[in-house]
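The values are calculated or read from the model by the stated rules, or taken from the named source; none is laboratory data. The structure displayed is predicted, hence computed values, not measured ones. Every residue, glycine as well, gets a Cβ built from its backbone with ideal geometry; the counts of neighbours run over all protein chains shown.
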Amino acid sequence: MDLKAKRTVTAYSFLALPSLFFLLIRIFPTLSAFSLSVHTQKGSLTTSNYHQMFADPVFWHSLLNTLAYVVLTIPLQIVIGLLMAMAIERVERLRWFYRIVYFLPYITSIVAVSWVWRLMYDPNTGLFNEILGWVGIAPQNFLQDPKEALISVGAVMIWQMMGFSMLIYSAGLQAIPRLYYSAARIDGAGSWKIFWRITLPLLNPTTAFLAVTGGIQAMQTFTQVENLTGSSGAAAGGPLHSTVSMVVYMYNNGFQEFNMQYASAVAVVLFVIIMIITLFQLKTISRTIEY
Amino acid sequence: MCGVLFVALPFLWMILSSLKSLSDFYSFTFFPKHIDWSAYQYIFGQTEYLRWYLNSFIVGIVVTVSGLLFDSLIGYVLAKHRFPGSKVVFVLILSTFMIPTEMLVIPWYVMSVKLHWVDSYWGIMFPGMIEAFGVFLMRQFMFGVPDDLLNAARIDGMSEFRIWWNVAVPQVKPALSALGIITFLGNWNAYLWPVIIISSSKMRTLPVGIALYASADNGGGIQWNTIMAMSTIAVIPIIIVFLIFQKQIVEGITLTGVKG
């Protein structure tokens with residue numbers, strides 16, 4: 001065997017087992033999901049799952065809620081993360097302390113975080129209403145109020161994710177050569193201008209990364225909704241379907257109603273939407289700036 | 001900065017609440033009326049909490065080690081070996097990255113039922129053994145390994161496998177530790193798939209155990225103090241580990257964010 005052939009064999013022998021794994025665990029199930037989605041529970045070929053889905057108002061609630069989670073939480077967690085990163089840059093001492101504290105929520109279990117916030121949100125005995133009472137605002141129902149529930153869930157998501165944005169932005173900020181700032185100052189530019197014309201554009205790749213990954217994550221919202229609104233009596237996603245996300249909807253149909261085919265159809269739709277949003281984001285946000 | 005307070009407040013609340021007795025929750029009190037350890041006693045005495053902890057640990061370690069081994073191997077082969085089809089394989093693996101797990105959990109479950117993997121360690125672990133993200137990251141870092149080192153080893157007659165293990169792997173240690181931390185963390189906190197595949201109480205991982213306990217009907221309303229105690233014990237070790245390894249963790253996550 002000549003060298004090239006030998007190399008090829010070696011390479012593929014190393015890759016054989018893992019490739020098999022990917023085929024079995026990722027590619028085959030993807031096809032299976034698509035296939036399931038066009039079958040009925042008895043096994044005949046049909047598009048009825050999709051018809052049923054588009055006719056179900058709860059599905060549309062889940063779609064709108066999921067989009068709301070994306071639109072509500074991503075910009076805020078990015079902006080707050082950026083502000084925190086910039087504020088930390090200004091601090092001389094104890095930078096590591098701030099970084100740790102702000103990053104702590106991100107590494108904490110979503111389940112634990114959700115239950116703590118659920119306790120704080122409690123309309124009768126929760127911390128938040130107590131604090132609101134101190135400043136004379138009437139108690140809110142938060143998670144039990146259809147008008148406030150989604151935002152309440154969103155707040156938990158932002159609280160957990162902003163530390164991640166902060167960390168990534170910190171790295172991005174440190175990568176900007178001080179030279180640019182000095183040059184701008186010599187040219188007489190004020191802080192505001194420096195931020196808009198130099199800092200922000202140079203952080204573009206970072207912002208793009210955070211927006212895309214954050215968007216995908218927000219589309220997959222599940223654990224928070226389950227633990228903030230679920231209970232032994234009622235399925236998660238209330239009150240009145242105001243917090244149900246697409247994954248929650250899929251889970252309820254697949255693993256509580258045990259309609260795997262229908263749930264697969266929901267999952268396929270979710271997949272398509274994630275693809276569309278990701279491609280859209282990549283097209284509009286990615287602009288490289290050369291100086 | 002008052003931002004610190006906003007961030008730290010929920011943690012504080014969690015710890016304080018875990019030390020309250022159940023009656024403290026009928027009205028608002030900031031501090032426990034008197035420190036009540038009964039929630040903690042209950043956890044260790046009456047629930048399978050420790051087992052859940054162990055399960056999470058086992059799953060986390062196995063998946064992380066598997067991921068590191070396979071991801072670095074695949075990344076090494078894809079980065080340092082030129083052979084027909086290497087691009088295709090890479091694109092194929094990368095494309096799986098775009099597939100959300102939500103879509104896969106249903107087929108995984110159907111598969112697990114057929115293969116009797118339900119409610120087992122393997123059932124919890126198998127989806128995460130190799131991650132496309134890890135392969136991508138390792139490949140990026142493997143590019144940085146000097147070819148001279150590899151060729152020298154080849155001239156010395158080392159087998160390709162030995163070369164990977166003894167030469168390439170030590171060169172990418174920072175990336176490995178970063179990936180290891182991210183993988184472990186992701187598995188420790190994983191919820192969707194574990195809650196689907198686990199059915200018995202003794203196989204639960206920590207997040208599933210806490211969640212199912214909290215939302216179960218415990219014959220007396222939500223057992224807040226126990227839930228808070230469970231959460232506290234779940235969170236404190238992570239915080240301690242984080243404090244010890246903070247430098248590596250922060251570097252690691254930043255590294256993947258910058259390269260990704």
How many residues of the stretch B:194-238 are in a helix (DSSP H, G or I) and surrounded by 14 or more Cβ atoms within 10 Å (Cβ to Cβ)? The answer is 29
> Residues in the stretch B:18-37: is at least one of a type outside the set (D, E, K, R) and within 27 Å of the chain's Cα centre (by Cα)?
Replying inline: yes
Residues in the stretch B:115-136 that are acidic (Asp, Glu) and within 13 Å of another protein chain (Cβ to nearest Cβ) total 1
Filter result for B:Phe90 (within 13 Å of another protein chain (Cβ to nearest Cβ), assigned to a loop (DSSP other than H, G, I, E, B) and free of Cβ contacts under 8 Å to residues at least 60 places away in the same chain): no
Residue hits (the stretch A:38-60; touching a His at 6+ places or on another chain (Cβ under 9 Å) and not in a loop (DSSP other than H, G, I, E, B)) are A:Leu45, A:Asn49, A:Pro57, A:Val58
Of the residues in the stretch B:9-22, those that are more than 11 Å from every other protein chain (Cβ to nearest Cβ) and either among the small types (Gly, Ala, Ser) or part of a helix (DSSP H, G or I) (or both) come to B:Ser21, B:Leu22
key: Boolean, B:Phe70 is away from every other protein chain (no Cβ under 11 Å) and among the hydrophobic types (A, V, I, L, M, F, W, C)   = no
Within the stretch A:18-35, residues facing another protein chain (nearest Cβ under 8 Å) and either among the aliphatic types (A, V, I, L, M) or not in a helix (DSSP H, G or I) (or both) come out as A:Ile25, A:Ile27, A:Ala33
If we keep only residues of the stretch B:23-50 that are surrounded by 14 or more Cβ atoms within 10 Å (Cβ to Cβ) and part of a loop (DSSP other than H, G, I, E, B), then the residue nearest to the other protein chains (Cβ to nearest Cβ) is B:Phe28
The residue that is modelled with the lowest pLDDT, considering only those in the stretch B:141-188 that are under 28 Å from the mean Cα position of the chain (by Cα), surrounded by fewer than 16 Cβ atoms within 10 Å (Cβ to Cβ) and part of a loop (DSSP other than H, G, I, E, B), is B:Gly144
Is it true that A:Ser170 is assigned by TED's automatic domain parsing to the domain that holds A:Thr223, in a helix (DSSP H, G or I), more than 22 Å from A:Met84 (Cβ to Cβ) and of a type outside the set (A, V, I, L, M)? no
Listed by first then second residue, the pairs whose first member lies in the stretch A:194-223 and is closer than 24 Å to A:Ser62 by Cα and touching a residue at least 24 places away in the same chain (Cβ under 8 Å), whose partner is of a type in the set (D, E, K, R) and crowded, with 17+ Cβ neighbours inside 10 Å, with beta carbons under 9 Å and at least 6 positions apart or on separate chains, are A:Met219/B:Glu102; A:Gln220/B:Glu102; A:Phe222/B:Glu102
With the structure loaded, tell me whether B:Ser95 is within 12 Å of another protein chain (Cβ to nearest Cβ) and either among the hydroxyl-bearing types (Ser, Thr, Tyr) or in contact with a Cys (Cβ under 9 Å, 6 or more places away or on another chain) (or both) or whether it fails that test.
yes
Reported set for the stretch B:115-132 where residues are assigned to a helix (DSSP H, G or I), free of Cβ contacts under 8 Å to residues at least 60 places away in the same chain and more than 17 Å from A:Leu23 (Cβ to Cβ) is B:Trp122
